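Just below is one structure, and these are the notes that go with it.
The values are calculated or read from the model by the stated rules, or taken from the named source; none is laboratory data. Keep in mind that this is a model prediction, so the values were computed, not measured. A quick note on method: Cβ atoms are made from the backbone with ideal geometry, for glycine too, and the neighbour counts reach across all protein chains shown. We work out accessible area using only protein heavy atoms, side chains counted, and drop any ligands, DNA or RNA first. Shrake-Rupley method; radii C 1.70, N 1.55, O 1.52, S 1.80 Å.
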Amino acid sequence: MSVTSANELRTGGVPDREETARRLLRTSAKHSYDPATEIDWDAPLAPDRYFIPARYSSLYGTALWNRMSEEQRIALTKHEVASLYSVGIWFETILMQMLIRHVYDCSSGSAHARYAWTEIADECRHSVMFSRMAEKFGAPAYGPDWLVHQLGRLFKTISNGTLTFGGAMYVEEILDVLQREQMADESLQPVVRKVARIHVIEEARHIRYAREETLRQWPRLGPLGRAYSRFILAAVVYCATTRLIDPKVYAAVGLDVAEAVAAAAANPHWRQTKRFAARKVVAFFTELGLIAGPGKFLWRRAGVL
Ligand SMILES: [Fe+2]
Ligand SMILES: [Fe+2]
């Protein structure tokens, strides 16, 4: 029997908090990466290689896509991955603040607290890596619009335990699924695959930490806390999913923004990509009862149900 399943039996389904944290700290000590030295920042980009697999572009398969030149399609994927990085930075900054608030109430001698600090350090390196990469790609400052920026400010201030870790799990999972595809595709730009690999390895620990903490936090809530958490989580999911691609990416490659936004919104391939990225986390939240009530409408509008 694995360590995890023995723990799960002892603690009624959720592995022991300290034991999980100690395991995550051990893996962090062995497999953590410094992008400043791991990545060859001066290596030139290959002119003929895509930045994300073409089938995951928001315009893939549309009439607009068919009219675009190969060069323009490659440039679009470059700007799309920069936009995904900017959503990564936006949410990592939110998560760092929420983790700081979480650890404020933890015993400073616990492995659980030490892992929270370790994760914050990981996220600091990730945001620096994403920012430098977007700069290397010559991408303008992408990211959520003013309203979502302000909603993020509110969320990182008022989130409870379920929302901190449920929200983290959602954003980490969808980026993780897309980055696993980038990592595996040998035809892509080597630097994108390297960034994806570093992020995937370190995020696997974050996802585990968030998943188990969600399982501990959610049952502690009463009916009101649950209704509140379901609705706010749905709002986070809606904002994060609908802002994955900043409309400015279309202008950057010389497309008509209104036409491209409409084409992406109606694109069944892009909808399928979002559902594919969210499928695992949606199954987890569904089983837990976190997707229900009036907020379910937002999950549907986000296109991930
Ligand atoms: Fe990260
Ligand atoms: Fe993370």
ask   = At what distance in angstrom do the alpha carbon centres of region 252-305 and region 115-186 lie from each other?
value = 17
request  = Summarise the accessible area of the chain (1.4 Å probe, protein heavy atoms) by the percent that is carbon and sulfur.
outcome  = 57
remark   = Computed on Cα atoms only, the convex hull of region 106-147 has an orientation-averaged projected area in nm² of 4.4
ask   = How large, in Å, is the chain by the Kirkwood hydrodynamic radius built from its alpha-carbon pairs?
value = 20.1
key: Estimated FRET transfer efficiency when R0 is 22 angstrom, pair Ser187-Glu71 (beta carbons, to 0.05)   = 0.85
ask   = In the chain, with Lys and Arg counted as +1 and Asp and Glu as -1 at Cβ, which of these residues, Gly225, Gly254, Ile120, has the Cα nearest the positive end of the dipole, that is, farthest along it?
value = Gly225
message = Show me the three semi-axes of the equivalent ellipsoid for region 149-190, from the C-alpha gyration tensor (sqrt of 5 times each eigenvalue), largest first, rounded to whole Å.
response = 31, 12, 5
key: Convex hull (Cα only) mean projected area of region 23-155, reported in nm² to one decimal   = 10.7
ask   = Over all pairs of distinct alpha carbons, what does the Kirkwood formula give as the hydrodynamic radius of region 133-219, in Å?
value = 14.9
Accessible area in square angstrom per residue, the chain, 1.4 angstrom probe = 45
message = If I require 27 Å or longer along the helix axis, counting alpha carbons, and a Kyte-Doolittle average no lower than 0.5, what helices from the chain are left? Use full DSSP H segments.
response = 223-242
